[in-house]
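The values are calculated or read from the model by the stated rules, or taken from the named source; none is laboratory data. Since we're looking at a predicted model, the values are computed, not measured. Neighbour counts are summed over all protein chains in view; Cβ atoms, including those assigned to glycine, are modelled from backbone coordinates with ideal geometry. These area figures cover heavy atoms from the full protein model, side chains too; ligands, DNA and RNA do not enter into them. Shrake-Rupley method; radii C 1.70, N 1.55, O 1.52, S 1.80 Å.
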Amino acid sequence: MTHDHDLVLRPTAAQTEAALNPPPGRNGGDLVVETLAALGATTVFGLPGQHALGMFDALRRSDLRYIGLRVENNAGFAADAYGRITGEAAPLLLSTGPGALTSLAALQEARAASAPVLAISSQVPTAGLGGGRHGYLHELPDQAASFRGVVKSVHTVRTQSQIPSAIAEAWTSALTVPHGPVWVEIPQDVLLAKTPIPVVTGGDTFPEELPPRPELTAVAADLLSRAVRPAIIAGGGVVRADASKKLRQLAERLQAPVVTTFGGKGAFPWTHPLSLQSWLEDRHTTDFLEDADVLLVVGSGLGELSSNYHTFEPRGRVVQIEADLGKLESNHPALGIHADARLALQALLETVGERTDPAAPERVREVLAKVRERIASQELTLEQDVLAAVRKALPPGAPSFWDMTILAYWAWSAFDAKAPNTMHSAQGAGGLGYGFPAALGAAAADPTHPVLAVSGDGGALYSIAELATARQYDLNVTWLIVDDGGYGILREYMTDAFGEPTATELTRPDYVALAESFGVPGVRTSPETLEADLAKALAAPGPSVVVLPAVLRMFAPTHLA
């Protein structure tokens, strides 16, 4: 009698031949790249270092495409964007100690944004594991401890035979919802030693799905069906789960207005009659959501930026669908449903009743009119014109990556992403320097669309070295640098709080000349010519830089009143 658990996959003739007669000259690094290829990886990012040379030497014998950046943190941002665009785990190869630690800020952003990054670092030789002070180059008492609070899972390899399974386990962890970065570390001597282990050919992994509990979706469907004033907040989990169509179906069936979080841009059509767009930093939107008798929150933890800086206080019942267990009911009591957004929305569609509410679109129009009136009263025409020019210049389907800069803060609320998974920013962790290297990763993932990066001059200096990367790999990225001579948003914050700013003004280079010194075309533009200059740069193959000297202002906050 044969049971399912008795079945094993038999190797093919080619796999048997590769196992019995492996090519000469292989080392532990080959096991790393062979495992990545077997799992389906095609592109890796990183930066070599002395302890990691076994991995990088093995790349020479593999078909993996390598994109090398100039700073480990930027390599992490590039891998983050590759993971967001493709939905695949993006390998990030790093060296021990300083190289590994330099990636921490990027991995924090990947964790906050649920981007699947598979970071593989070298370690000191095996004899140095365990905290002994041997004085190895790059030695840390416990390198993995630096990452445990940042990534989803940590995997330490001690022998070559552990490499394929450890990487496969990490790959599964990265791609199990909620997606996120994972950490694998392998000692230098394990990577460098010749290996008798056969070529790695099998690599199927099956990330676990996260379906909702049926008794919870039944209660949620009943609440939503009987609601008088339902509303929906759609977060980044909707985008990552590719659930925007299901969200639209549910919203239309319930006649429920939808607002998207800054991480959920594009999850719901911007001009739909039920779309409240993304004006979460606005008291009118906050008031509307507080008035909902049933509020469905999908794929969002209702964190600081999604709750108008924690001033949002819902008065009705909250139903929260969230794949990250730690975010479930972390800010507001709710009917918490721990599930993937796509599966949970499908369950609701199968059970929820249809509502009729012809007044819902009118209520949406009233809120948006109040928002427009508030913004119009602040004389912010320049900022709105600049953002409109960017939107007009950006082709449909082209992704954009935004650094932490005033124009990005405007875009969170006011930019029409046109489609899900096209607008990305560093609002998860909020670190500077994300936009340009992330755009390079996106261009490596999909060369069929131009990619836009947006930075301020302060954030641009974090990643200016990657102009060399853009030129070396001829990546189709146009970098818009808004040059206001300093950290613009911090200048505003300090002026408002203390009357004058400190440490916000910057000496900066001629960005056009600097770009051209890397062999990257550059142009200095103006608000009046921005649309044409940006469109021209985006249409040209390869990298380019567009510099806009302008001092932009942020619209007044409503959470401080």
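Points to keep in mind about this one:
- Diffusion coefficient, µm² s⁻¹, Stokes-Einstein with Kirkwood Rh over alpha-carbon pairs of the stretch 100-151 at 10 °C and 1.306 mPa s: 130
- Extension gain for Lys245 to Arg148 (0.36 nm times residue separation, less C-alpha to C-alpha distance): 31.4 nm.
- Normalised by the number of residues in the stretch 18-168, the average gap of Cα pairs under 8 Å and 6 or more apart makes the relative contact order 23 percent.
- Annotation for Glu362 and Arg471: the two label points, set 7 Å from Cα along the Cα-Cβ direction, are 6.1 nm apart.
- Given charges at beta-carbon only (K, R positive; D, E negative), |dipole| of the chain in Debye: 520
- Rounded, prolate or oblate (a/c below 1.5 giving rounded, otherwise prolate when a/b exceeds b/c) for the stretch 439-561 by Cα gyration tensor: prolate
- Rg and Dmax of the stretch 198-337, both derived from C-alpha coordinates alone, stand at 16.2, 64 Å.
- Amide H contacts under 5 Å for Gly486: Asp457, Gly458, Leu506, restricted to partners 5 or more places along the chain or on a different chain, H placed in the peptide plane at 1.01 Å from N.
- Largest first, the residues His134, His332 sort by 1.4 Å accessible area into His134, His332.
- Here the average projected area of the convex hull drawn through the C-alpha atoms of the stretch 117-265 stands at 12.9 nm².
- Hypothetical label at Ser330: residues of the stretch 59-85 whose amide nitrogen lies under 14 Å (7 Å Cα-Cβ projection): none
- In order along the stretch 343-352, phi translates into HN-Hα couplings of 5, 5, 5, 4, 4, 5, 4, 7, 10, 6 Hz, rounded to whole numbers, per the Karplus curve 6.51 cos²θ - 1.76 cosθ + 1.60 with θ = phi - 60° and x for Gly and Pro.
- Cα-projected label distance for Asp204 with Glu516, points at 7 Å along beta-carbon direction, nm: 5.7
- Distant-in-sequence amide H partners of Ile120 (H built 1.01 Å from N, under 5 Å): Leu92, Leu93, Leu94, Val184
- Translational D in µm²/s for the stretch 329-381 (Stokes-Einstein at 10 °C, 1.306 mPa s, Kirkwood Rh from C-alpha pairs): 105
- For the chain, the relative contact order works out to 13 percent when only alpha carbon pairs closer than 8 Å and six or more residues apart are counted.
- Residue-wise HN-Hα coupling along the stretch 102-119, computed from phi with Karplus coefficients 6.51, -1.76, 1.60 (Hz; x: Gly, Pro): 5, 8, 4, 5, 5, 5, 5, 5, 4, 5, 5, 9, 6, 9, x, 10, 9, 7
- D by Stokes-Einstein for the stretch 13-95, Kirkwood Rh over Cα pairs, 37 °C, 0.692 mPa s: 242 µm²/s.
- Less than 5 angstrom separates the built amide H of Leu335 from those of Val318, Val319, Gln320, all sequence-distant by 5 or more or on a different chain.
- Considering only the chain, percent of DSSP beta bridges that pair antiparallel, nearest 5: 5
- Fraction of accessible area attributable to carbon and sulfur, the chain (%, probe 1.4 Å): 54
- With distances taken between every two different alpha-carbon atoms, the stretch 62-150 has a Kirkwood hydrodynamic radius of 13.7 Å.
- Table column - 3J(HN,Hα) (Hz), the stretch 357-372, Karplus curve with 6.51, -1.76, 1.60, x for Gly and Pro: 8, x, 7, 4, x, 5, 5, 5, 4, 5, 5, 5, 5, 5, 4, 4
- The stretch 386-422 residues near the modelled Asp446 label - backbone nitrogen below 17 Å, point 7 Å along Cα→Cβ: 394-402, 416-422
- Among the listed pairs Lys152/Lys392; Lys327/Lys536; Lys265/Lys536, those beyond 32 Å (Cα-Cα): Lys152/Lys392; Lys327/Lys536
- Whole-number accessible area per residue in Å² for the chain, which is evaluated in the context of all protein chains at 1.4 Å: 41
- For the chain, projected area of the alpha-carbon convex hull averaged over all directions, nm²: 29.2
- The label-point distance for Glu354 and Arg65, in a model that sets each label 7 Å from Cα toward Cβ, rounds to 4.6 nm.
- Residue-averaged 222 nm ellipticity for the chain, from DSSP H runs of 4+ at -39500 (n - 2.57), nearest 500: -11000 deg cm²/dmol
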